[in-house]
1. Apply the Karplus parameterisation 6.51 cos²θ - 1.76 cosθ + 1.60, with θ equal to phi minus 60°, to every residue of segment 46-54 and state each ³J(HN,Hα) to the nearest whole Hz, in sequence, with x for glycine and proline.
2. Taking N as the number of residues in segment 29-121, what is its Cα Rg relative to 2.2 N^0.38 Å?
3. Below 12 angstrom from the Cβ of VAL128, what's the summed charge of the other residues (Lys, Arg +1; Asp, Glu -1)?
4. Around GLY62, which amide H atoms from residues at least 5 apart in sequence, or from another chain, sit under 5 Å from its own amide H, with H modelled in the peptide plane?
5. With a Cα-only, solvent-free Debye model of segment 67-190, what are the log10 I(q)/I(0) values at q = 0.12, 0.14 Å⁻¹?
Amino acid sequence: MNRRDAIRNVAILMGTALSASTLAALEGCSSGPKNYTLQTPETKALLDEIAETIIPETSTPGAKAARVGEFMVLMVGDCYDEKAQKVFVDGLGKINEESKKRFSNKAFMDITPEQRTTLLTEIDKERVAYNKRENKKKDDPVHYFQYMKELTLLGYFTSEPGATKALRYVAVPGRYDGCIPYKKGDKAWA
């Protein structure tokens with residue numbers, strides 16, 4: 001018998017109710033095995049370019065400056081289960097396939113930034129249609145681009161460049177002021 005089973009059995013014997021979240025915590029981390037396909041420099045570079053296309057460098061640093069590609073590799077490898085990892089990795093292949101189909105047999109890394117934007121915009125429209133379809137079932141996998149967009153946004157806005165350069169940031173805030181005037185064009189608060 002392992003420790004988790006022992007704790008669960010003691011709780012049952014003592015008549016203690018365990019919440020669903022506590023039971024889930026006792027089950028431990030259920031992420032899939034480490035996906036070494038994502039660990040290659042080529043894959044990290046591809047993820048950096050996808051993220052940079054989603055959040056490009058403007059007057060603020062882009063996703064590549066925030067090293068969002070590395071963040072995605074870490075999150076998918078450590079926090080996603082095997083099924084989600086497969087969807088994500090297969091999605092990278094689909095992006096390259098679609099790029100080759102649309103742009104004279106050129107992979108995503110070989111097309112121009114404008115072509116990348118066009119391609120990812122079309123894939124995002126496909127994602128929206130996929131999520132809104134009528135015959136959607138509860139167990140259907142998430143569209144691969146959903147993962148990529150969410151991880152790009154999470155990785156960017158929780159990074160130092162994203163939180164301090166793209167958002168307004170106060171390292172040590174003062175008193176709480178719930179009504180701060182907002183002018184059009186002001187940055188959001190981190």
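1. For segment 46-54, the Karplus-derived couplings read 4, 5, 4, 5, 5, 5, 5, 6, 6 Hz, x marking Gly and Pro.
2. On the way: Rg = 13.8 Å, N = 93, 2.2 N^0.38 = 12.3 Å.
Compared with the compact-globule rule of thumb, segment 29-121 sits at 1.12.
3. Details: positive: LYS125, ARG127, LYS132, ARG133, LYS149; negative: GLU122, ASP124, GLU126.
Taking every Cβ under 12 Å from that of VAL128, the sum is +2.
4. Residues meeting the criterion, in which the H sits 1.01 Å from N, are GLU57.
5. For the requested q values the scattering log ratios are -0.64, -0.81.
Since every read-out is calculated from the coordinates, none of them should be taken as a lab result. Predicted model, so just to flag it, every value in this text is computed and none were measured. Note that we place each Cβ from the backbone using ideal geometry, even for glycine, and neighbour counts take in every protein chain shown.
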